[in-house]
1. Enumerate the pairs (first residue in region 212-230 and within 20 Å of L240 (Cβ to Cβ) and assigned to a strand (DSSP E or B); second residue anywhere and hydroxyl-bearing (S, T, Y) and within 15 Å of ligand 1 (Cβ to nearest atom)) with beta-carbon separation below 9 Å, excluding pairs fewer than 6 apart on the same chain, so at least 6 apart or on different chains.
2. Of the conditions (1) closer than 28 Å to K403 by Cβ; (2) within 16 Å of ligand 2 (Cβ to nearest atom), A318 satisfies every one except a single condition; which number is it?
3. Test D16 against the stated conditions and say whether it is at pLDDT 95 or above, of a type outside the set (V, I, T) and touching a Lys or Arg at 6+ places or on another chain (Cβ under 8 Å).
4. Out of everything in region 236-258 that is hydroxyl-bearing (S, T, Y) and free of Cβ contacts under 8 Å to residues at least 40 places away in the same chain, what residue ends up being farthest from ligand 1 (Cβ to nearest atom)?
5. What's the number of the only condition in (1) farther than 19 Å from H32 by Cα; (2) within 16 Å of ligand 2 (Cβ to nearest atom) that D358 fails to meet?
6. Filter region 8-60 down to residues that are in contact (Cβ under 8 Å) with a residue 60 or more places away in the chain, touching a Ser or Thr at 6+ places or on another chain (Cβ under 8 Å), surrounded by fewer than 20 Cβ atoms within 10 Å (Cβ to Cβ) and more than 29 Å from V398 (Cβ to Cβ), then give me how many there are.
7. Among D95, D145, which is the only one that is farther than 20 Å from M69 by Cα and without any contact (Cβ under 8 Å) to a residue 60 or more places away in the chain?
8. I'd like to know if region 190-207 contains one or more residues that are of a type in the set (S, T, Y) and either in contact with a strand residue (DSSP E or B) (Cβ under 9 Å, 6 or more places away or on another chain) or in a loop (DSSP other than H, G, I, E, B) (or both).
Amino acid sequence: MSYQSAKEKYSRIGVDTEKALNTLKDISVSIHCWQGDDVGGFDSADALSGGIQATGNYPGKATTPEELMADIDKAFSLIPGKKKLNLHACYAIFDGEHVDRDKISPKHFEKWVKFAKERNMGLDFNPTFFSHPMVKNNLTLSSPDETVRKFWVEHGKRCIEISEYFANETGVPCVMNIWIPDGYKDIPADRLGPRARFKKSLDEILSVPYDKTKVFPCLESKVFGIGLESYTVGSSEFCLTYAAKKGITPLMDNGHYHPTEVVSDKISSVLLFNETLALHITRPVRWDSDHVVLFDDETREIAKEIIRADALDRVFIATDYFDASINRISAWITGGRSVQKTLLYALLEPSSLKELQDSSDFTSLMVRSEELKTMPFGDIWEEYLNRENVSVDYLSEVKAYEKNVLEERK
Ligand code: RNT
Ligand code: ZN
C-alpha cells in the first residue's frame, strides 16, 4: 500500500522505483570480516598496530574462526542485497602447523573458501602489513632493512596467489587491497627514500603472474596514523599515481583525508583516469576513527557520484570500520544497510537535476534537491527489505543473538 503510493510520487518526478530496486539487488558490497573481532585475526597474538585503533570492550567478541563465521552468518542474514566477504591475511586458519606470513598459502584459507562457496559468495582479500613482529620501526614494504622489506614482499606475493585461488574457487573476481601503515611520527630527513623502496616493493609483488580478469590489486592511500603523524609513505599522490601508471586499482578510504576533503568529490576525477576504483566506506569522526557507517550526507554523496557516473561496474564498494563499543553484529548490519540505503537513495535521484545544472537554473536545482529529501524514501527501502526477505527490525534479532550466543562466550 504505502509502496504503491510512494512509487507514484516518485514516478511523478520521473523516477522509476522498480528499476531502482532491481538495480540495487545486484550491486555487490564487500563486507569486512574485521568488525567481528576488532581487527584481531587468528595468526598471531600481537596487539593491533599500524596506527589504527579499535576502541571499546563490548562483551561477546568472536575469538575463533567458528565464532566469527557464526557471527558473519547472523549479520549477513540481516543485510539485504548481494554481498562479498572481505578477509585479511591475519584470518588464516592453521590446523596444527603454524607458518609465518611470508609462507601462507591457499590451504590456510580452505575453510573460508568452503564457507563462501556454501553461501554462494565471492571473497576479497588483504595482505596484513601490521600487528606483527616483522613491522620494524613502523616500516614494512618501505623499510631500509632488506630482511624486513623482503619478508613483506614475500607476504604480498603469497597474497596474490591466495587471491587468485579465491577467484578460481568462488568463480567471482577477487579484489586484493594493499595498505601499509609505514610512516614516521616526526619530521623525516628523507621523504624520497622510503617511497622509492615502497615503489620497488610493489613492483616486486606485482611481478607474480596473475590473471588480470580474476585478481584486482588495489593500493590504498592514507594521510596519517596514530603515532605516525608527520609522514605517511603511501600518501594519496603516491598511491593514485602508482595505480594509474601500473594499471592497478586505486583505493580511497574516506577516513584517509584531511577533514574538509571529501571522497565524493574525488570519484569523478579518478574515474576519468582509471579503469576501476575501489572504495573503503567508513565514518571518520574528527580523525580516521572508523565509526560505523550511517545514512549520512557524505555516504549519500559518495553513492550519488557512483550512480551519476554510471560506474557500478567499475567501482568496487567495500566497508571498513571497527567499533568495539557496541554490539558488533549490530555494527555490521547498521553499516551494511547504510551503504545499501545510500545506494537506493542515489538510484532514486531524477536525472533532471543534471539538466538544471547545465541550463544554469540553480534556483530550481536547489528547490528540487530540497524537495527530494522529504520524498517517501522509507517506503521504498521497506519494500526492498521485504523483497529481500530481510526483516525491517533487526534490533530484536540482534538482542536475542546477544543473549543466546554472545553472552555464553567466555
Ligand atoms: C587503515 C586502513 C585499512 C584497514 C584494514 C584493516 O587505516 O583503512 O584499510 O582499516 O586493512
Ligand atoms: Zn581502509
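1. F216/S163; F216/T249; P217/S163; P217/T249; C218/T249; L219/T249; G225/T232
2. Every listed condition holds for A318 apart from (1).
3. On the way: at pLDDT 95 or above: yes; of a type outside the set (V, I, T): yes; touching a Lys or Arg at 6+ places or on another chain (Cβ under 8 Å): no.
No: the conditions fail for D16.
4. From region 236-258, those hydroxyl-bearing (S, T, Y) are 236, 241-242, 249, 257; that's our starting set.
Going one step further and asking which of them are free of Cβ contacts under 8 Å to residues at least 40 places away in the same chain, we end up with 236, 241, 257.
Working: S236: 13, T241: 19, Y257: 12 Å.
Going through the qualifying residues, I end up with T241.
5. The one condition D358 does not meet is (2).
6. Residues flagged as in contact (Cβ under 8 Å) with a residue 60 or more places away in the chain, touching a Ser or Thr at 6+ places or on another chain (Cβ under 8 Å), surrounded by fewer than 20 Cβ atoms within 10 Å (Cβ to Cβ) and more than 29 Å from V398 (Cβ to Cβ) within region 8-60 amount to 5.
7. On the way: D95 fails: farther than 20 Å from M69 by Cα.
One residue alone meets the criteria, D145.
8. The initial filter retains those residues of region 190-207 that are of a type in the set (S, T, Y), namely 201, 207.
Going one step further and asking which of them are either in contact with a strand residue (DSSP E or B) (Cβ under 9 Å, 6 or more places away or on another chain) or in a loop (DSSP other than H, G, I, E, B) (or both), we end up with 207.
Yes, region 190-207 has at least one match.
The values are calculated or read from the model by the stated rules, or taken from the named source; none is laboratory data. In this text the structure is predicted, and so the values were computed from the model without any measurement. As a convention, Cβ positions derive from the backbone with ideal geometry for all residues, glycine included, and neighbour counts pool all protein chains shown.
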